[in-house]
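Novice: If you scroll down you'll find the structure; I have some questions about it.
Read-outs throughout are calculated quantities, based only on the coordinates presented, and are distinct from any laboratory measurement. Keep in mind that this is a model prediction, so the values were computed, not measured. All Cβ positions, even for glycine, are placed from backbone atoms using ideal geometry, and neighbour counts span all protein chains on display.
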Amino acid sequence: MAASGRFSHADMPKDFLTLADWTADELLALLERARELKELRKRSREHRTLAGRVLAMFFEKPSLRTHVTFEAGMTQLGGHAILLRPEQIGIGTREAPRDVALNLSRWVDAIVARTFSHSLLEELAEVATIPVINGLSDLLHPCQVLADFQTIAEHCKLTDAVIAYVGDGNNMANSLLLGVAVLGLSLRVATPAGHRPARRVQRRAEELAAASGAHLSWCEDPVAAVTGAGFVYTDAWTSMGQEAQRERRRVEFAAYQVNSSLLRHAPEAWVMHCLPAHRGEEITDEVLDSERCIALDQAENRLHAQKAILERLLLQP
Ligand code: CP
Ligand code: NVA
């Protein structure tokens, strides 16, 4: 996977498209700032570091968390966010993506985009002279994983975390792999054979892990993956855009449900989910609603982690 976007003169990434573009030190600095921003908000301390700045938000798929946290985050930082409905701008139909990116670059300070194709994000980032943030693509969801690392760090030293991901080798699994690989953490991924993370992501993660010392493993057995894990992560079996495959997927993934029986093999583990959850599919009500599930902390931390990303991209020298 090629590095995305251009790099500023300070050699920092211009965009936030994939965690693989960022170094461990840069991600740790973002996490530290996210922690501070959470504290500032808790104490009702003003932190209007982006006064007068504007974020354009473009979503090809539905969103609750990403939309609200970016908009609320910009407001809390003293800036403003504009939601562009797909039918309003007709990207690729009414107007070519490059023209949309070039126009937005003249008016606003950054773009967050949720797209089906990851290459559309890369195209926008390549052309835009302003930062482009990945608000989820079919391939990756890096903002979620930064918030997830913030959440994990609230429970243990990040480098001690042993994470098990159970379910579909989708955008969440891909981004977790890359993030874990950059930071040198430990991740076991259990998916059905035909649903492993994308091959090119696995390769990139392995390269990064060779440098960071991360432990990455793949298997088909959810019990083997979760045994001894400190965090058990799952996500939808049917991601946005795959709705036509839902019935087939419910059968293929049936053995990968995160339920109390699976968690008997990980009695100490915290349970994580990026949400939205498909209750009764990848996770049971009993587990999602239990004290050990930290999905709402993950959702909250989207706000703080993304504010750190916005500051980092918009205030870079
Ligand atoms: N986790 C997440 O990205 O949620 P939304 O799809 O609601 O934005
Ligand atoms: N894999 C899910 C994540 C939702 C936040 C999807 O792409 O729909």
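Novice: Considering only segment 236-250, state which residues are buried (at least 17 other Cβ atoms within 10 Å of the Cβ) and either charged (D, E, K, R) or more than 15 Å from ligand 2 (Cβ to nearest atom) (or both).
Specialist: Scanning segment 236-250 gives a single hit, Arg249.
Novice: Out of Phe59, Phe70, which single residue is in contact with a Lys or Arg (Cβ under 7 Å, 6 or more places away or on another chain), under 30 Å from Ser239 (Cα atoms) and within 16 Å of ligand 2 (Cβ to nearest atom)? Spell out the reasoning first.
Specialist: Details: Phe70 fails: in contact with a Lys or Arg (Cβ under 7 Å, 6 or more places away or on another chain).
Only one candidate qualifies: Phe59.
Novice: Quick one: in segment 101-126, which of the residues that are outside any helix (DSSP H, G or I) and over 15 Å from Leu139 (Cα atoms) is farthest from the chain's Cα centre (by Cα)? First the steps, then the outcome.
Specialist: Taking segment 101-126 as the starting set, the residues that turn out to be outside any helix (DSSP H, G or I) are 108-117.
Imposing the further condition that a residue be over 15 Å from Leu139 (Cα atoms) reduces the set to 108-112.
Details: Val108: 23, Asp109: 21, Ala110: 18, Ile111: 16, Val112: 13 Å.
Restricting to residues being outside any helix (DSSP H, G or I) and over 15 Å from Leu139 (Cα atoms), the top hit is Val108.
Novice: Can you name the residue in segment 62-83 that is within 15 Å of ligand 1 (Cβ to nearest atom) and not in a helix (DSSP H, G or I) and is also nearest to Arg312 (Cα to Cα) among such residues?
Specialist: We begin by selecting, within segment 62-83, every residue within 15 Å of ligand 1 (Cβ to nearest atom); these are 62-73, 81, 83.
Narrowing the set further to residues that are not in a helix (DSSP H, G or I) leaves 62-64, 81, 83.
Working: Pro62: 26, Ser63: 23, Leu64: 23, Ala81: 17, Leu83: 21 Å.
Within segment 62-83, the match that is nearest to Arg312 (Cα to Cα) is Ala81.
Novice: Further, regarding this structure: Residues His155, His215, His118: which one is away from ligand 1 (no atom under 16 Å from the Cβ) and touching a Ser or Thr at 6+ places or on another chain (Cβ under 9 Å)?
Specialist: Only one candidate passes the filter, namely His215.
Novice: Would you call Leu31 within 26 Å of Trp107 (Cβ to Cβ), away from ligand 2 (no atom under 16 Å from the Cβ), touching a Phe, Trp or Tyr at 6+ places or on another chain (Cβ under 9 Å) and of a type in the set (A, V, I, L, M, F, W, C)? Outline the logic, then answer.
Specialist: Numbers: within 26 Å of Trp107 (Cβ to Cβ): no; away from ligand 2 (no atom under 16 Å from the Cβ): yes; touching a Phe, Trp or Tyr at 6+ places or on another chain (Cβ under 9 Å): yes; of a type in the set (A, V, I, L, M, F, W, C): yes.
Taking the combined requirement at face value, the residue does not satisfy it.
Novice: Return a yes/no flag: does segment 295-308 have any residue that is in contact with a strand residue (DSSP E or B) (Cβ under 6 Å, 6 or more places away or on another chain) and either free of Cβ contacts under 8 Å to residues at least 24 places away in the same chain or outside any helix (DSSP H, G or I) (or both).
Specialist: no
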